[in-house]
Amino acid sequence: MYWAEAPVPHWHYITYGFSELYAKESSDADASGYGFELTFRLAATAGEHAGSTPPVWPMNLLQNLARYVFGSGNVFEDGHHLDANGPIALDTGTRLCHLAFVADPQLSARDTANGHLQFLQLVGLTDQEMEAVKRWSTRGVLQALEPAMPLWITDLQRRNLLDDPALAAQVQAGSEREGSSTGMLFIETLDWRQEAGVTTLVLGAGQVPSVCGLLPLRLRHGKSLVLASHGRQWEFTPAEGGEATEVAADSARWALDETGLQALAGVRAERGTYPVGRLLRIEVLPTFLRDAKGEVIREIG
C-alpha cells in the first residue's frame, strides 16, 4: 500500500502472489504464475495523509478476487469487468457497484526471470457506466472518462460521470461507431422450450435490458452474442435472409435478422411473453435479488 500525492492524493494498493516472485513453479514458461498482479487506486478522504493508516476494505476486496482465481483457475485480463452485486465498499453509500480491469497506467507489463507479468488495475464504476462498458468496451469507456477520473482513481463519493452530457455523447458515439466488445453474458435465468414450431427463450427481467441493448450493437456489426448460465449456452448470430435455428437441450444457436432486432424494442423487463420474429418469442420472468443469507431483498419485473 503506497501513498501518492498526484494527480490527487490517493492510496495505491498492489498485490503480490498471483505471479512467481522467487522460483519458477508453474508449467507455463511464458507467464509468471497467473501472469498478472492486481492494483487499485483509492482517492484519499479529508484528513488522510502519508502517515495515515490506509483503509482496509480494498485489501479484503483484492483477497476475495484472489480466492476466486486460486479456487477456479480463471484469470483476469485487461478489458474484463464484473458486477460486485452491491457497493464495492459496504456501508459507505457509494454508487460504485461494478469493477473494470485495465492495464495499470503507471506500472507497465514486464518480462521477468519467471515469465511475463502485467499489472491490472481495478476501477470502480456505477451502474450506468457499466452499462456503457457493455455497450461499447472497457477501454473505450475508461479512456472517455479518464479526464474526469485521472489515473482511474476510484472515488467512493463521486457521482455518475455519464451525467455529463458531453461524456455521455462521446460514449454513445463510440458505441454506435464500433459496436459492443461484450461477446458473452453470464445470466442467472436462461431456459428455452419448443412448441408447435415456435421456440420460447426464457430470460430474467433483470437481464432483459442488457440482452436487448447489446444484441443490435453486436449483430449489426457482424458479431455474435452468447448467453450462458449453469452449463447451458444460447448464441445469437447475425442473419442474412431470415432466421436460422439449431436448438438442442444444452445449447442453441439462433440467427436474428433486422426484423427481429427491431422487435426487441418491444421486449420489456416485465413478466410476459414477447414475439421476436415468426418463430421466436421471449418469455420474461421476475428476477429476485438476494442478500448474503439468501433472502429476497428486491424483485425486478
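Here's the yes/no breakdown for (1) open to solvent by 10 Å² or more (accessible area, probe 1.4 Å); (2) in a loop (DSSP other than H, G, I, E, B); (3) among the β-branched types (Val, Ile, Thr):
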| position | (1), (2), (3) |
| --- | --- |
| 192 | yes, no, no |
| 199 | no, no, yes |
| 210 | yes, no, no |
| 215 | no, no, no |
| 223 | yes, yes, no |
| 226 | yes, no, yes |
| 246 | yes, no, no |
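Name the residues in region 156-175 that are in a helix (DSSP H, G or I) and over 19 Å from the mean Cα position of the chain (by Cα), would you? Full working, then the answer.
Of all residues in region 156-175, those in a helix (DSSP H, G or I) come to 161-163, 165-175.
Across region 156-175, the qualifying residues are 163, 165, 166, 167, 169, 170, 173.
Taking the conditions exactly as written (touching a residue at least 24 places away in the same chain (Cβ under 8 Å) and out of contact with any Leu (no Cβ under 7 Å at 6 or more places or on another chain)), does residue 68 satisfy them or not? Steps first, please.
Working: touching a residue at least 24 places away in the same chain (Cβ under 8 Å): no; out of contact with any Leu (no Cβ under 7 Å at 6 or more places or on another chain): yes.
For residue 68, the condition - touching a residue at least 24 places away in the same chain (Cβ under 8 Å) and out of contact with any Leu (no Cβ under 7 Å at 6 or more places or on another chain) - is not met.
At pLDDT below 95, part of a loop (DSSP other than H, G, I, E, B) and under 19 Å from residue 42 (Cα atoms): which single residue out of 92, 182 fits that description? I'd like the intermediate steps shown before the answer.
Values: 182 fails: under 19 Å from residue 42 (Cα atoms).
Result: 92 is the single residue among 92, 182 that is at pLDDT below 95, part of a loop (DSSP other than H, G, I, E, B) and under 19 Å from residue 42 (Cα atoms).
From 98, 80, grab the single residue that is of a type outside the set (A, V, I, L, M), open to solvent by 60 Å² or more (accessible area, probe 1.4 Å), free of Cβ contacts under 8 Å to residues at least 60 places away in the same chain and farther than 13 Å from residue 18 by Cβ.
Numbers: 98 fails: open to solvent by 60 Å² or more (accessible area, probe 1.4 Å).
Checking each option against the conditions leaves just 80.
Going by the conditions given, is residue 48 over 21 Å from the mean Cα position of the chain (by Cα) and open to solvent by 30 Å² or more (accessible area, probe 1.4 Å)?
yes
Residues are listed down the side, and each one gets a yes or a no for (1) assigned to a strand (DSSP E or B); (2) surrounded by fewer than 19 Cβ atoms within 10 Å (Cβ to Cβ); (3) of a type in the set (A, V, I, L, M):
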residue	(1), (2), (3)
3	yes, yes, no
6	no, yes, yes
11	yes, no, no
16	no, yes, no
20	no, no, no
32	yes, no, no
42	yes, no, yes
53	no, yes, no
58	no, no, no
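Inspect region 260-273 for any residue being under 23 Å from residue 135 (Cα atoms), in contact (Cβ under 8 Å) with a residue 24 or more places away in the chain and not hydrophobic (A, V, I, L, M, F, W, C) and give the result as yes or no.
yes
Say we look at region 248-286 and pick out the residues that are more than 20 Å from residue 235 (Cα to Cα) and either in contact with a helix residue (DSSP H, G or I) (Cβ under 9 Å, 6 or more places away or on another chain) or of a type in the set (Gly, Ala, Ser) (or both); which of these is most open to solvent (accessible area, probe 1.4 Å)?
Among those residues, the one meeting the criterion is 268.
Of (1) under 20 Å from residue 85 (Cβ atoms); (2) of a type in the set (Gly, Ala, Ser); (3) in contact with a Pro (Cβ under 9 Å, 6 or more places away or on another chain), residue 266 satisfies all except one. Which?
Unmet for residue 266, out of (1) under 20 Å from residue 85 (Cβ atoms); (2) of a type in the set (Gly, Ala, Ser); (3) in contact with a Pro (Cβ under 9 Å, 6 or more places away or on another chain): (1).
It is to be established whether one or more residues within region 140-155 are at pLDDT below 95 and either open to solvent by 40 Å² or more (accessible area, probe 1.4 Å) or assigned to a helix (DSSP H, G or I) (or both).
No: zero hits.
The values are calculated or read from the model by the stated rules, or taken from the named source; none is laboratory data. This one's a predicted model, so the numbers in the text were calculated from it and none came from an experiment. Here Cβ is always computed from backbone atoms with ideal geometry, including for glycine, and neighbour counts include all displayed protein chains. We work out accessible area using only protein heavy atoms, side chains counted, and drop any ligands, DNA or RNA first. Shrake-Rupley method; radii C 1.70, N 1.55, O 1.52, S 1.80 Å.
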